[in-house]
Amino acid sequence: MKLKGIHVPHLKHTATSAPVRLPVPKTVSIPMSMHIGRPAKPVVKRGDAVKVGQLIAEADGYISAPIHSGVSGKVQKIDEMTTAMGAKVPVIVIETDGLQELSETVQPPDVHDVESFVAAVKQSGSVGLGGAGFPTFVKFSINGDLSVLDAVVINAAECEPYITSDTRTLVDRAEDVFAGIDLIKKYLKVKRFVIGIEGNKPEAIAKVQALAAKTDGVEVQVLPPMYPQGGEKVLVYNTLGRMIPQGGLPLDVGVVVINVTTLAFIAKYIETGMPLVEKCVTVDGSAVKEPKNVIVPIGTSIADLLEAAGGCKSEPAKVLYGGPMMGIAVPDLSAPVLKNTNAIIAMDAKEAQPPKTTPCINCGACLSHCPLRLDPRAIARAYKQDDAEALQTLCVDLCMECGCCSYVCPAKRHLVQTNKLAKGKLRAFQAKQKAAKEGGK
Amino acid sequence: MSKMLSTVSPHFHGPRTTQKIMLDVIIALVPAMAASVIFFGLRALLVIADCVAVCLLSEWGFEKLCKKENTVSDLSAVVTGIILALNLPVTIPLWQAALGSVIAIVVVKQLFGGIGQNFSNPAATARIILMTAFSGTMTAWVAPQAFNMVPDAVTAATPLALAAKGAEGMPSYLDMFLGNTGGCLGETSALALLLGGVYLLVRRVITWHTPVAFLGTVALMSFVCGQDVPMQLLSGGLMLAAVFMATDYSSTPATWLGKLIFGVGCGLITVLIRFWGNFPEGVSFSLLIMNILTPYIEKLTRAKPLVGEVDE
């Protein structure tokens, strides 16, 4: 049995569009928070000259990631910006010189054992490129106990509508993906690899199947196109039949999940030493004139990117980082491309208009489509009644915010939004309970 | 730089809306409405129009009065009106049908919070109230006669009433299946109701659980009790209730197991009343009783969230 999900329109218009490198923009704005964890600390100051691949900010603390420049030029200013998530973070603004001079620091790292491998992954600035932005090296840091890990699931599901940047990774550079597999095999001693891919990508499937046939321990699982096939819990269950426990990590069931583009990047980094400074981004949406895949330096503004990619048919009314199911709407077009940006979706006024919300008719579509069998109807009720205990019983903390419930709701209710708020309420309740318990001791 | 629309994900929504669901139910009711006109004449249409108009008017008026957002356009009041009309005999005085419609919309639906909030089925509850208040006109059955505007020509008993009295003159199974017997507008033609049910299943407006459990239980219990199984299945409001009323969203469980329990419960109560009760028919009561149990059924049958192991 597979976990439930929904059918969404695929809209993979750009699947056959090989990424084109866009001209370097006049300025790039690189925020210090493009990952889960503490923002990075700038190590350059105003006026400093920077080159491609140069470290401009270092990781701050354990769960954090260093940041490098993707352009050559001069640091114009170190400012503060508000991210699409509403947080205020420092941002390094670089005025480019268009020369794209390579930094001398870009050298292949010395990798010879598991420690040096994990250290190299950390130095590369790699974060989960599927969208989550979790620092990659943390997944591989299993404190020397390699026995807990017995399989790596490579996430090539790409179940969001529109996005094809992972598809292009497989079509254009499947060799890098398999080089990454060899590295993990060698240093983390993993024997089993599963590539999970949705069946709507025939070209990519043919490519990986051909390479997998020549590689030991790699299994290609072609999954039915079903959203959210690429959700971590869903993918691990649908490929290996293992359920990641509540509040747990894939490692709890012996698995590491890695996005296919992240893996290809790591292999390339270890070969060349070029850190994470540019991204392949799918540009699509109803407002975009020529949907395509492009490669841009991280920090390129969405306005520059849209213009260089061929412009817009109409004024975009809503622009997303990522796909329409889980993507984040940006406040304005000055928002930069981030490490974990895999798509920029620009919607025209018609596509962007949220539908009218009507009363819940109790049809049960939300609960019958939830991959994790939650009851969004009951969660909304408990949230409204301020009943944190009920929220705990209903396990709202399991919600991965995939959006299936909101998508299928005929009343167009804001179920995911309520789940997010309810998760916050439950966290506050649990923190209070914990404090009371500790205080009582 | 221009401000962007900044809404929370998902940014895509499925095509289904409440209005489209209700429209599907109305389409599914067309065969039953057509059958009622064929067998009981044009007055059937008049009763349906009366109920639908009064339902819409009550919904609009109540919401206007309470300064609530108007929900007439979601078409749910039309569905209630049609289903209530199908639960009435063709001879019902129009003012009584209108009163039933007001009860269904104002008392049963709106006073509990409007669409999605009513704990019991508006049509079934209104029918019970009308049965209690006007037992005479509510059981004045006429023999089917097509396109007759003067309906009180020949009186006829329903198959269930006949069976209860042990009387002669039971209609054939074929007549009962097609609807050529006495009874309410919409309870006579099993064929028309089943057509509508198949449409709702295909359109995924309903699932098979409730109707199959409901009809299956009645069939099984009739067999066990030595009753005429096809006659029990084809007569009374059973088919109408199983397809269109026991599948009402707001007053029945949303879980699949809950739907099965609901259907079995309705079936058991229906046969209890039919075989041992004072009334020849017990479908409306069975619905009402199971409606009341719905919150408990739902609580007991809610799926366990996937916190760890997956039970198949």
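The values are calculated or read from the model by the stated rules, or taken from the named source; none is laboratory data. As the structure is a prediction and not an experimental result, all values here were calculated from the model. Every residue, glycine as well, gets a Cβ built from its backbone with ideal geometry; the counts of neighbours run over all protein chains shown. Heads up: the accessible areas ignore ligands, DNA and RNA and are worked out on the full protein's heavy atoms, side chains in. Shrake-Rupley method; radii C 1.70, N 1.55, O 1.52, S 1.80 Å.
Here the label points at A:Asp386 and A:Gln353, each 7 Å from Cα along the C-beta direction, are separated by 3.8 nm in the simple model. Peptide A:408-414 is shielded by partner chain Cβ atoms: per residue, an average of 5 of them sit within 10 Å of its Cβ. Here B:Trp208 sits with roughly 130 square angstrom of accessible surface, probe radius 1.4 Å. Interface between chains A and B: roughly 4100 Å² of accessible area buried, both sides summed (probe 1.4 Å, protein heavy atoms only). Cβ screening of chain A for cysteine pairs under 4.7 Å finds these without a partner: A:Cys159, A:Cys280, A:Cys312, A:Cys360, A:Cys363, A:Cys370, A:Cys395, A:Cys399, A:Cys402, A:Cys404, A:Cys409. Inter-chain Cβ neighbour count for A:415-422, averaged per residue, equals 1 (cutoff 10 Å, partner chain atoms only). Place a label point 7 angstrom from the Cα of A:Asp97 along the Cα-to-Cβ direction, then list the residues of region A:32-56 whose backbone nitrogen is under 20 Å away. Hits in region A:32-56 for A:Asp97 at 20 Å: A:43-56.
Here A:Lys185 is the anchor, and the aspartates and glutamates within straight C-alpha reach of less than 13 Å, apart from those fewer than 8 places off in the same chain, are A:Asp113, A:Asp150, A:Asp216.
Once the 1.4 Å probe is applied to the protein heavy atoms, the protein assembly as shown comes out at 41 Å² accessible per residue.
Largest mean-square fluctuation among B:Pro89, B:Pro295, B:Pro159, in a Gaussian network model of chain B whose springs join Cα atoms under 10 Å apart, belongs to B:Pro295. Using 1/(1 + (r/R0)^6) with R0 = 45 angstrom and r between the beta carbons of B:Asn70 and A:Lys186, what's the FRET efficiency to the nearest 0.05? E(calc), rounded to 0.05, equals 0.10.
Which residue, B:Val229, B:Val107, B:Val202, tops the fluctuation ranking in a GNM of chain B built on C-alpha contacts under 10 Å? Sorting by GNM fluctuation, first place goes to B:Val202.
Applying 1/(1 + (r/R0)^6) with r as the Cβ-Cβ distance of B:Tyr173 and B:Leu272 and R0 = 22 angstrom yields a FRET efficiency of 0.40. Around the Cα centre of region B:182-312, unit charges on the Cβ atoms of Lys, Arg, Asp and Glu (plus for the first two, minus for the last two) sum to a dipole of about 180 debye. B:Lys64 contributes an accessible area of around 130 Å² to the protein surface, as traced by a 1.4 Å probe with all chains present.
Relative to the longest principal axis of the Cα atoms of chain B, helix B:256-276 runs at roughly 20 degrees. To put it simply, the accessible area of the protein assembly as shown at a 1.4 Å probe is 61 percent carbon and sulfur. Under 18 Å of direct C-alpha separation, and excluding same-chain neighbours fewer than eight residues apart, A:Lys384 reaches these aspartates and glutamates: A:Asp375, A:Asp397. Can you compute log10 of I(q)/I(0) for region A:365-440 with the Debye formula, treating each Cα as one identical point scatterer, at q = 0.22, 0.23, 0.24 Å⁻¹? Result of the Debye calculation: -0.89, -0.95, -1.02. Length gained on full extension, B:Ala53 to B:Val229, computed as 0.36 nm times the residue gap minus the Cα-Cα distance: 59.6 nm.
Here the 3J(HN,Hα) profile of region A:106-114, calculated from phi with Karplus coefficients 6.51, -1.76 and 1.60 at θ = phi - 60°, is 7, 9, x, x, 7, 10, 9, 8, 5 Hz, Gly and Pro shown as x. Rounded to the nearest 20, the Cβ-based charge dipole of the protein assembly as shown about its Cα centre (Lys and Arg +1, Asp and Glu -1) stands at 980 debye.
B:Gln117 to B:Ile289: FRET efficiency via 1/(1 + (r/R0)^6), r the Cβ-Cβ distance, R0 22 Å, to the nearest 0.05? That pair, B:Gln117 with B:Ile289, gives E of 0.70.
Taking a quarter of the surface of the Cα convex hull of region B:18-300 gives a mean projected area of 13.5 nm². Approximating the spin labels as points 7 Å out from Cα along Cα→Cβ, the B:Ser6-to-B:Val107 distance works out to 5.2 nm. Largest accessible area first, the listed residues B:Leu268, A:Leu240, B:Leu200 line up as B:Leu268, A:Leu240, B:Leu200 when surface is computed with a 1.4 Å probe on the assembled protein chains.
The lysines whose alpha-carbon is closer than 25 Å to the alpha-carbon of A:Lys4, local same-chain residues fewer than 8 away aside, are A:Lys12, A:Lys201, A:Lys233, A:Lys412, A:Lys420, A:Lys423, B:Lys20, B:Lys259, B:Lys299, B:Lys304. You can think of it this way: the chain between A:Lys41 and A:Glu307 has 92.6 nm of extra reach, that is 0.36 nm per residue less the Cα-Cα gap. Between A:Met32, A:Met85, A:Met226, find the one with the highest GNM mean-square fluctuation for chain A; connect C-alpha pairs within less than 10 Å. With Cα springs under 10 Å in chain A, the top fluctuation among A:Met32, A:Met85, A:Met226 is at A:Met85.
Here the spin labels are modelled as points 7 Å beyond Cα on the Cα-Cβ line, and at B:Ala143 and A:Arg21 they lie 9.2 nm apart. Amide H to amide H distances under 5 Å link A:Val220 with A:Ile195, where only residues 5 or more positions off or on other chains count and H is placed in the peptide plane. Counting only protein heavy atoms and using a 1.4 Å probe, the accessible area of A:Ser301 comes to about 20 Å².
Working note: 222 nm ellipticity from helices only, DSSP H runs with n ≥ 4, each -39,500 (n - 2.57), summed and divided by the residues of chain B, gives -17500 deg cm²/dmol to the nearest 500.
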